[in-house]
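So the structure is just underneath, and the comments pick up after that.
Just so it is clear, none of the values below were taken in a lab; they were calculated from the coordinates. Just so it is clear, the structure is predicted and the values come from calculations on it, not from any experiment. As a convention, Cβ positions derive from the backbone with ideal geometry for all residues, glycine included, and neighbour counts pool all protein chains shown.
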């Protein structure tokens, strides 16, 4: 089959080109590697960028988790309550713990809920119809001995969408990163 194709190609080329040049063109295989690379390069690069973006999403998630754990200690130890922190002051403290990876001022959403001594209720998803709903997010740091749930949300942009958009869980090619800390406040004065 391959021989037949080469012979057909060689016959057609002989009509168009001088015979010596046609034979040399048919036998030449130096460009095969370039053609094979061109066929494989696009899927390889797409996969490579998808792997890199997935790694960035996991890294950003871990950074958000660390910032949540670190800034939640301010509430747990009573420092936020005694300093009369509001939502804006607590967000400033969170932003101090996130180093240049996020647009903290415009992108981080904070939800702090206090449950007294009762167990926290089941969490309600802040996503409705593919959009982050921030209307129900509050700031209540509670008092000594209260159970508190601190949640941070960030809409991470997803750039590599060629492979089925599996990283996106919000509209507009975004992934909602969530970090939560649940704890009982210490008995501070």
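Each label point was placed 7 Å from the Cα along the Cα-to-Cβ direction; for residue 122 and residue 189 their separation is 4.4 nm.
With distances taken between every two different alpha-carbon atoms, the stretch 57-184 has a Kirkwood hydrodynamic radius of 15.3 Å. Mind giving me the FRET efficiency for residue 54 and residue 103? R0 is 30 Å, r the Cβ-Cβ distance, nearest 0.05 is fine. Result of the calculation: an efficiency of 0.90.
For the stretch 101-170, a Kirkwood radius taken over Cα pairs fed into Stokes-Einstein (4 °C, viscosity 1.567 mPa s) yields D = 90 µm²/s. Find the centroid of the Cα atoms in the stretch 25-101 and in the stretch 119-138, then give the distance between the two in whole Å. Spelled out, the Cα-based centre of one part sits 23 Å from the other. Against the compact-protein benchmark of 2.2 N^0.38 Å, the Cα-based radius of gyration of the stretch 28-126 scales to 1.83.
When you restrict to C-alpha pairs under 8 Å that are six or more residues apart and normalise by the size of the stretch 116-189, the relative contact order lands at 35 percent.
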